[in-house]
Amino acid sequence: MATDVHRRMTIKTAQAVRVDELTRSFDGRPVLDRLRLEIRPGEFVALLGRSGCGKSTLLRILAGLDRDIQGTVLVPRRKAVVLPAPRPMPWKRLLRDVPRGLSGRPARARAEVGRDPRTTAWLTTLFGGEARGTALARAFVREPALLLLDDPFGALAARTRSAAQRLTEESWQRRRCAVLLVTRDVAEAVLLADRVLVMDDGVITHEQRIDLDRPRDLADARCAELRAGLLRRLGTEAA
């Protein structure tokens, strides 16, 4: 039987996340296989990998949504999660939804994240980019020590996706929480992350540091080179 050793960090350490010998199996098949991972406070890490390699399973474990594990998982007590398909409450306005669950905090002052949203709009009237911005605002307003993002921009059109990426980077630079971004987009990983990890068959198989100034431009030769190298690691030809 799997042993649940998921614990929360309550003291200050050199890592915001520490995972050691993490195994998660489904029907006897390990999806995560003795995985190791460390994320420093304030570090932005992107996780790439083919579908089914275990990326989202890892994120759910870090979020505390899956505890049927073996190994050690240490995460901060203050964390926030943005999943691929946020479900806003149709009877609420943005002004009330962003600080949801936060008692005693001025909603209007906490609703903005990097730009002035339509704070009085009904949530069901927001288009894709605005709805995604609301989910990000709801996460950042909680001032997490760890932000977990599971392919948060995958369904957005290119222009809207670019705006959401900029919003995320600006908000992260102000708050400097640790971030783990699970994404299928190599360009997105290069644009946003300090470090990019590649996962295959439940383990981290490659680590790439992105030592480039921000903001970044994919047309820059160094960005293009890093993107091409990661695509090769994933077995994908550069477009």
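Nothing in this text is a laboratory measurement; each read-out follows from the coordinates by a stated rule. Worth saying up front: this structure is predicted, and the values here are computed from it rather than measured. All Cβ positions, even for glycine, are placed from backbone atoms using ideal geometry, and neighbour counts span all protein chains on display.
Miscellaneous remarks
- Near GLY49, the amide H atoms lying under 5 Å from its own belong to MET199; only residues 5 or more places off or on other chains count, and H is placed 1.01 Å from N.
- Residue (of TRP172, ALA193, THR183) at the positive-pole extreme of segment 154-203, dipole from beta-carbon charges: TRP172
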